[in-house]
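Structure record follows, encoded as structure tokens.
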Amino acid sequence: KNQVEQSPQSLIILEGKNCTLQCNYTVSPFSNLRWYKQDTGRGPVSLTIMTFSENTKSNGRYTATLDADTKQSSLHITASQLSDSASYICVVSAMNDYKLSFGAGTTVTVRA
Amino acid sequence: GAVVSQHPSRVICKSGTSVKIECRSLDFQATTMFWYRQFPKKSLMLMATSNEGSKATYEQGVEKDKFLINHASLTLSTLTVTSAHPEDSSFYICSATQGTSGRPSIFHEQYFGPGTRLTVT
């Protein structure tokens, strides 16, 4: 069964600090992995998408990494801002399957 | 580009009534739309996949007679929750993607709507 697990479930950081979120998956055969940001009461918004051959992808202060061998990904947030407070969801696609496998998300709270 | 809207953003209805949620792709033609349900602090759960002009495909455990889906055009899909009950209260999110020949493509991004908060009293 295709599964996506994220850790930690939640975290609190001070404004200006960095943090790293983890995603482990068992989706196979792997197609791509996406990180989404979901603000409270809103739909998910795509941050990064990586295919098998990509190890790192950045979008502003967000940097995602992918290790397809160990089936792990991380999302690093640099110099956090109050607006980064949201849920971050790891989503994995399998080859030949349009359905997405969603992680439960990591809730990030940035405090001043 | 690739904007998906949902209406309404919030709705409160009485138990036993029906409520319709609209999902629109504003700047592209969506051959396939997906409907998800999300509980607090949980991941999105796929409810059904709808292709324009054909019947929706429901996931296991989702009652098709309770959650009516219509995908009448390439830019609009509707989800109607019939005879709503308090347990139907949830956050409903749609997504849209461009496919070919009416079939969803794994190579096309799913663009998510902003969601609709349904509360049944």
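The values are calculated or read from the model by the stated rules, or taken from the named source; none is laboratory data. Values in this document were obtained by computation on a predicted structure and should not be read as measured data. In this analysis, Cβ positions are derived from the backbone assuming ideal geometry, glycine residues included, and neighbour counts consider all displayed protein chains. Protein only, heavy atoms only, side chains kept; ligands, DNA and RNA dropped before computing areas. Shrake-Rupley method; radii C 1.70, N 1.55, O 1.52, S 1.80 Å.
Once the dipole of chain B is set up with Lys and Arg at +1 and Asp and Glu at -1 on Cβ about the Cα centre, which of B:W35, B:H85, B:T116 lies farthest towards its positive end?
Looking along the dipole axis, the top candidate is B:H85.
Can you give the log10 of the normalised intensity I(q)/I(0) at q = 0.11 Å⁻¹, computed with Debye over equal Cα scatterers of the stretch B:2-70?
-0.31
May I ask you to find the residues of the stretch B:21-44 that are shielded by at least 50 Å² of accessible area once the whole protein assembly is considered instead of their isolated chain (probe 1.4 Å)?
Those are B:S43, B:L44, which lose 50 Å² or more relative to the chain on its own.
Give me the dipole magnitude in Debye, nearest 20, for the protein assembly as shown about the Cα centre, with unit charges on the beta carbon: positive for Lys and Arg, negative for Asp and Glu.
Values: 22 positive and 17 negative charges, 81 e Å.
That gives a dipole near 380 debye.
Write down the accessible area per residue of the stretch A:27-93 in Å², having rolled a 1.4 Å probe over the full set of protein chains. Walk me through the intermediate numbers first.
On the way: 2810 Å² over 67 residues.
Per-residue accessible area for the stretch A:27-93 comes out at 42 Å².
Considering the options B:A2, B:S15, B:M47, tell which one lies farthest towards the positive end of the dipole of chain B, charges being +1 on Lys and Arg and -1 on Asp and Glu at the Cβ, about the Cα centre.
Value computed over the given set: B:S15.
Taking chain A as a Gaussian network, where each spring joins two C-alpha atoms under 10 Å apart, which residue of A:V45, A:V92, A:V27 fluctuates the most?
A:V45
Could you work out the longest stretch of chain B that avoids the GluC sites (Glu not before Pro) located in DSSP loops with at most 16 other Cβ atoms within 10 Å? Numbers along the way, then the final one.
Working: sites that count: B:E59, B:E63, B:E109.
Value returned for the longest uninterrupted segment is B:1-58.
Cα-Cα pairs above 21 Å in the protein assembly as shown: how many percent?
Working: 15313 of 27028 pairs.
More than 21 Å apart: 57 percent of the Cα pairs in the protein assembly as shown.
Go through the stretch B:62-78 residue by residue and turn each phi into a ³J(HN,Hα) via Karplus (6.51, -1.76, 1.60, θ = phi - 60°); whole Hz please, and just put x for glycine and proline.
9, 7, 5, 7, 8, 10, 7, 10, 10, 10, 6, 9, 6, 10, 9, 10, 10
Loop by DSSP (not H, G, I, E, B), at most 12 other beta-carbon atoms within 10 Å: where is the longest site-free stretch of chain B for trypsin sites (Lys or Arg not before Pro)?
Numbers: sites that count: B:K14, B:K41, B:K55.
By the stated rule (loop sites, at most 12 other Cβ atoms within 10 Å), B:56-121.
Using only the alpha carbons, work out the radius of gyration and Dmax of the stretch A:1-96 in angstrom.
Gyration radius and largest Cα-Cα distance of the stretch A:1-96: 13.1, 42 Å.
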